[in-house]
Number of protein chains: 2
Amino acid sequence: MNAFDRLFLDSGLSLDRLRTFLEIAEAGNIAKAAKGDSNRQSQFSRQLKELEGFFGVALSRKVGRRIEITEEGHRLAGMIRRHFSELDDFREVMSGRPTAIRIGAAASVLEWMVLPKVKRCREVLGEVVLELEPCRSADVARGVSDGRLDFGILREDAAPAEAKRWKLGRIGYALFAPKAAWRSGAGIASVFARHDFGELLPGGQFHDRYRDLLVQQKWSPRVIARAGSFLQLAKLVRTEGVAAVLPATAAVEFDAAKLRSQPLPWKHERSMMLVANSRNLERLGIRPGSASALAKLLAWEGGLL
Amino acid sequence: MNAFDRLFLDSGLSLDRLRTFLEIAEAGNIAKAAKGDSNRQSQFSRQLKELEGFFGVALSRKVGRRIEITEEGHRLAGMIRRHFSELDDFREVMSGRPTAIRIGAAASVLEWMVLPKVKRCREVLGEVVLELEPCRSADVARGVSDGRLDFGILREDAAPAEAKRWKLGRIGYALFAPKAAWRSGAGIASVFARHDFGELLPGGQFHDRYRDLLVQQKWSPRVIARAGSFLQLAKLVRTEGVAAVLPATAAVEFDAAKLRSQPLPWKHERSMMLVANSRNLERLGIRPGSASALAKLLAWEGGLL
DNA sequence: TGCATTCATGATCCTAGAGTCAGGTTACTG
DNA sequence: CAGTAACCTGACTCTAGGATCATGAATGCA
């Protein structure tokens, strides 16, 4: 018997179905993958069934009124993702286009830690296209471990166990305020006492520690706005002239002529890691040396100690 | 942009085309892959072109009036083979069928070294199906290094450099002859002098050394037939009652009541190796320990020293 | 209990791409 | 130089499987 005749003997396998299944698996359920399109919904449901028929195993199970992907399904999805990546890579490389490298991290991390260094990153990684994917830290971890992302940047405590990892250092925080707020040698305490402040919406890990700091230092700033992310908060600082505590890396956002920042006597314990999917590194031909050079580059200057 | 949309944006990719390309790459050229069917021939030619269009790179080049696969083509073929193997594996495992393990070697090696030990091999490898693939030693080497075979057994000097390898020991050779030929304590020399002989067709490495031995020992047997392989030669010995020099492992072929063998005072220098594709071992979940246990098992008794 | 969400399924249409046939062209070979 | 082996191409047909629409069933929620 010829090679793989067995695989194609009974029909039911197609690139389209594999692709659809991958989309479902990444979305988590059909409705989300179909994005409200009822045609896609019915097709996805059908194609899922057809694939299950082909492989002779349940790739999904009903839970409540929705489905979830089984363990076997996740294995298959991982395979498909790797296969498609390889084909895609091959095509990109062959057509002379540079390899794409996907880095996932929180939007603020991307903007303040990575964006200002893309050129230097390319010096380390070679002629590549950096794809910067903003996502929440749970998604970063998941993305790296299932291979959807090549690199991720996140807090040490959120890093997936099996990934390769490089320490980037602790994030430093600083008080950002317009030049005027610091007049006549006023210190941090004085800014906190007098200036209008912005802060993050309550909820995150950061917020709690920030409150602790305020209590401990007996600072009670006059808050005039709360923002949903550091990025928004930074914009608030820049356009509305409020003061705020931001990651020190946010400095790249501001015009030094109008704004001053001062490191806080406080280390919010967030040790950042660069993590990577080792299978992807191998596939992309990135040597461990380049990856650790990347880590060093990202850690270098700008708020990480 | 969603994952892999880019890959499917322009059409031209299909499982069928990938499969066809793999067949062409394994056969080496279109005609051979098409096996004389002119329809397949034209389709293969076309699909090859379509794939090249899709990937934007020459996967084949004309050399003389046939084609050969380019370096890039071989890379793609390797990828496709791995992908299909994984899908096939997944399906087999999911449907509860045991994993198949492909072992390639010369037909005589398979029959005399492996076949008598399949049960014990399964004790080492677990609940698997052993697929025994007869092929010439160059094909064994190629098959193992490109992943078409999981294991191969061949001469040390033919083993591919990058494969994992385990020494099996040197092959011993023996003179096989019907009981009658050995009457009254006649030695090897006497059998050579008096009995009808079979030997291999000239051409192989073995043949040359065999002639050297005969000259050196001043033996000039009366040859009545030449066979194309050790297997044929063994059959000749069993059914026609001629004598012949065979690998000692051939003993399993004969009824000890009718035939006797005597090791030759001669070691034709063929050190045999078990080689394996390490990627496949990993994929199949075969630990190095199991592989070396397999090597020990194959080497154990029966002509290997 | 009514209503929305989510998935399943039957029926039908449409299309990319497989399959087939009938010539080519090119390069090797006796 | 004729013959042939190996591949290419154009012009079809055929079909698996994708696309669409309509509807039903199960679940959960207000």
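The values are calculated or read from the model by the stated rules, or taken from the named source; none is laboratory data. Computed from a prediction, not measured in an experiment: that's the story for all the values here. Glycine also receives a Cβ, built like all others from the backbone with ideal geometry; neighbour counts cover every protein chain displayed.
Residue-wise test of (1) charged (D, E, K, R); (2) not assigned by TED's automatic domain parsing to the domain that holds B:Ala105.
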position	(1), (2)
B:Ala163	no, no
B:Ala180	no, yes
B:Ser184	no, yes
B:Leu200	no, yes
B:Gly203	no, yes
B:Ala225	no, yes
B:Leu246	no, yes
B:Asp255	yes, yes
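For the condition surrounded by 13 or more Cβ atoms within 10 Å (Cβ to Cβ) and within 13 Å of DNA strand D (Cβ to nearest atom), A:Ala3 does not qualify. Do any residues in the stretch A:13-39 that are within 8 Å of another protein chain (Cβ to nearest Cβ) have Cβ atoms under 6 Å from those of residues that are of a type in the set (Phe, Trp, Tyr) and in a helix (DSSP H, G or I), where the two are at least six apart or on different chains, and which pairs are they? Here the result reads A:Leu13/A:Phe54, each pair linking the stretch A:13-39 to a residue that is of a type in the set (Phe, Trp, Tyr) and in a helix (DSSP H, G or I). Residues in the stretch B:42-75 that are near DNA strand C (Cβ under 8 Å from one of its atoms) and either under 18 Å from A:Glu86 (Cα atoms) or surrounded by 14 or more Cβ atoms within 10 Å (Cβ to Cβ) (or both): B:Gln43, B:Gln47, B:Glu50. Among all positions in the stretch A:143-159, there is no residue which is hydroxyl-bearing (Ser, Thr, Tyr), more than 14 Å from chain B (Cβ to nearest Cβ) and closer than 30 Å to A:Phe254 by Cα. One residue stands out among those in the stretch B:178-219 that are under 30 Å from B:Ala138 (Cα atoms) and touching a Leu at 6+ places or on another chain (Cβ under 8 Å): the one that is surrounded by the most Cβ atoms within 10 Å (Cβ to Cβ), which is B:Gly198. From the list B:Phe90, B:Phe84, the lone residue that is within 16 Å of DNA strand D (Cβ to nearest atom) and within 14 Å of chain A (Cβ to nearest Cβ) is B:Phe84. The set of residues from the stretch B:80-125 being at pLDDT below 90 and aromatic (Phe, Trp, Tyr) comprises just one member, B:Trp112. Just to be sure I understand, how many residues within the stretch A:271-290 are surrounded by fewer than 18 Cβ atoms within 10 Å (Cβ to Cβ) and in contact with a strand residue (DSSP E or B) (Cβ under 7 Å, 6 or more places away or on another chain)? The number of residues fulfilling the criteria is 2.
Of the residues making up the stretch A:146-185, those that are among the aromatic types (Phe, Trp, Tyr) and assigned to a strand (DSSP E or B) are A:Phe151, A:Trp166, A:Tyr173, A:Phe176.
Kindly establish whether A:Val128 is in contact with a Cys (Cβ under 9 Å, 6 or more places away or on another chain) and at pLDDT below 90. Considered against the rule, which asks whether it is in contact with a Cys (Cβ under 9 Å, 6 or more places away or on another chain) and at pLDDT below 90, A:Val128 comes out as yes.
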